[in-house]
Amino acid sequence: MVDINNKLYKIRLIDDLGTQESVIHRINPIIKLITTFLYIIKVL
């Protein structure tokens with residue numbers, strides 16, 4: 001039971017990080033996705 005509670009806590013922590021207000025959170029998700037793809041192509 002402790003393991004399940006630990007997993008739920010980690011999910012909650014990730015959810016809390018996603019609701020923060022910062023510069024990176026205000027950027028359009030499409031721009032972040034395109035940037036990620038360009039980075040992956042550059043690295044490969």
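At-a-glance table
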quantity	calculated
The chain, dipole about Cα centre (Lys/Arg Cβ +1, Asp/Glu Cβ -1), debye to the nearest 20	160
Positive-end extreme of charge dipole, the chain - chosen from 37, 6, 18 (charges on Cβ)	37
Helix 2-18 vs. the chain, principal-axis angle (Cα, 0 to 90°, nearest 10)	40
The chain - Kirkwood radius from inverse mean 1/r over Cα pairs (Å)	12.9
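Laboratory data are not the source of any read-out in this text; all were calculated from the coordinates shown. What you see is a predicted model; the values in this text were computed from it and never measured. No Cβ is skipped: glycine too gets one built from the backbone with ideal geometry, and neighbour counts run over all protein chains shown.
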